[in-house]
Structures are given as C-alpha cells and as structure tokens.
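Derivation of every value follows stated rules applied to the coordinates shown; laboratory data play no part. Because the structure is predicted, anything quoted here is derived from the model rather than measured. Note that we place each Cβ from the backbone using ideal geometry, even for glycine, and neighbour counts take in every protein chain shown.
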Amino acid sequence: MKTIAIGTDIGGSHISCAAIDFQKQFIIKGSLTTQMVNNQASAKEILNNWGIALSKSIAQIDRTRLAGIGFAMPGPFDYAGGIALFTRDVAKYHNLYGINVSRRIKQLLALPAGFDLRYLNDAAAFGVGEAWLGKASGVKRSISITLGTGLGSAFVDNGIPVVEGDFVPRMGSMWHLPFNNDIADASFSTRWFIKRYAQKTGNKLAGVKQVVDRAATDSLAKDVFVEFGTNLGNFMGPWAKKFGADILVIGGNVSAAYNLFGPSLEESLKKQQLSSTIHVSELKEDAALIGSARLLEGNFWNQVKPLLAKM
C-alpha cells in the first residue's frame, strides 16, 4: 500500500523534508533532510536544491510505498495548479515566478507524469499538523499561529483549515488585517521587535534573540515583550472568541520567547473572558512537514482540495 508521503516545508532560506507514514502517523527515522537555499538565486539553482533535499528523503524509503509529495508553501502561490506566483515585492523566490513547480520537480526527480505533488499554504500546513498529531489533536476548533519573519495563522475545524465564512478572516489568515495603523504582519514579526527596541533605546539589534538576551537585565527589552504579548492578545482575542477556538497553538522562532511575552498575552485574553487554552508547539517545524504530508491521505485531500483556490 502507498502509505508514505514526503512532507516538505519551503522556508525563506531552506527546504526541509521527511518521509512520513501517514497510516501509522510518524516520521520515518533517518529521512529528515534540510538543504540551504539562496532565495535570490536563479530558478534552476533553487529547484536543484529542492530536488537534492527531496532525493535524500526519498532514498530512505521503499519507493513502491510512496504516495506522493506534499509541500507547505509560502504565498503567493497557485496551490491548486502548483505554479509559483512570487513577485519581487515578496523579496524571495521571485525568479520562480510563473514556473510550474510540479512539472520541474518531476523532471528533476524522474517521476512519472501521474505522480502526485500537492500544495498547501505553509501556515495552514502548520495548523493541520498541530490538529492531527500536535497540541491541537483531539479538539474541534483550534487557531495555530507562527511568529517569525511574518505572522502565519490557520483556523482549523475538525482537522480541516477554514478559509471563508463569517467566523474567520479572509483566506483564513490574519497577517493582512489592520492593526495599529498598519497591517498585523508589521506588529507580530521579527522586524517589530527590532524597530520597537530601537525606538525605546536608540540601539538597533540584529534580531529577536538579541532582545531576548537583554531581557534579564534590561527593563526596556522586557517591556518590549510585555507590549508584544498584550498587543497579540488584544488582536487575536476577538477572532478566537468569534471562531470558538478551544486551543491556541503558538509556533515559529519567536515562540521560544514565550516566557517573556506569554504572561501578558494570557492576561489580555483573560480580560476578554476567553476560555481558550494556549500551548507552545512541541512539533515546531515538524508540524508543517506533517501537515503537508497529510495531503496525500485520500479523505483529507478530498476535503481540502476545494479550498486551495481560496488560499
């Protein structure tokens, strides 16, 4: 039986992939591969690096059991057609614009024409992975967010992403929503920490980790995290209440600093009388791999496929 899928997470500077037995629900030992990728390189170089990583994972399994490859892919992307829509405004992978990724990957890996390559928004894949095998498993409704270079989010109901309706934002994502005279992505991302700390101190740091390192002895750095948590709670709370989320799952690199912003986030949600429990992801990056691999599971795919054009 074809019960193995390669789950793939396309990051801004790398590709990670692993073979996942979606029937037994585990990552196959030794199949996890990560390859660094220059997102400003030519289309040929980018796709070659993706092909190298995929080949290494495929080499660890019995290919007769391989059902296909699932991709957790950032947007803009034609998830139904497998065509890259990255533009120069996105600042990454723009040399892939207009390329049929499925066709090129099949050529690189010598895969048959009918071989399945399936795609899902990367934040949605993270949410699906958490709902399937992570902190949100066993509950009806969850919201999963990733905090890093940008704000990723997924509203999930019984394991399926919700991308339209009165209870979720457009496309089922929050990054584009207005907040503090800008879009939410500007307030809940790495660049906000750098900007806010510089506003408070006049000192521009390289990233969130440097702000974290100062928080123990620098009250202004600590204040930045308290402000971040309060803002995140004020922003997310109304949507969590409207959606009826049982659980909120937080992932992404910034989640490692939850001890610094978590208390103010929880206090904000408490003031809104929100009963949703909050968990920091334990699957971390594996959640997107797991979620993308699930695209090869027949019943799940049949429910998700009609949603792809709306992501």
Protection proxy ranking, peptides 81-94, 281-294, 224-237, average beta carbon neighbours within 10 Å, highest first: 281-294, 224-237, 81-94
Order by protection proxy (mean Cβ within 10 Å, highest first), peptides 28-35, 59-66: 28-35, 59-66
Take the alpha-carbon centre of the range 1-69, take the same for the range 152-190, and report the distance between them in whole Å. 28
Lys/Arg Cβ at +1, Asp/Glu Cβ at -1, dipole of the range 1-138 taken about the Cα centre: which of Ala124, Thr3, Ser16 is farthest positive-ward? Thr3
Return Ser153, Ser276 ranked ascending by Cβ neighbour count within 10 Å, so the fewest neighbours appear first. Ser276, Ser153
What fraction of the DSSP beta bridges in the chain is antiparallel, stated in percent and rounded to the nearest 5? 55
Inverse mean reciprocal Cα-Cα distance (Kirkwood Rh) of the range 135-280, Å: 15.5
Out of every Cα-Cα pair in the chain, what percent are more than 27 Å apart? 42
Setting aside same-chain residues fewer than 8 positions from Lys271, which aspartates and glutamates have a Cα under 19 Å from its Cα? Glu227, Asp246
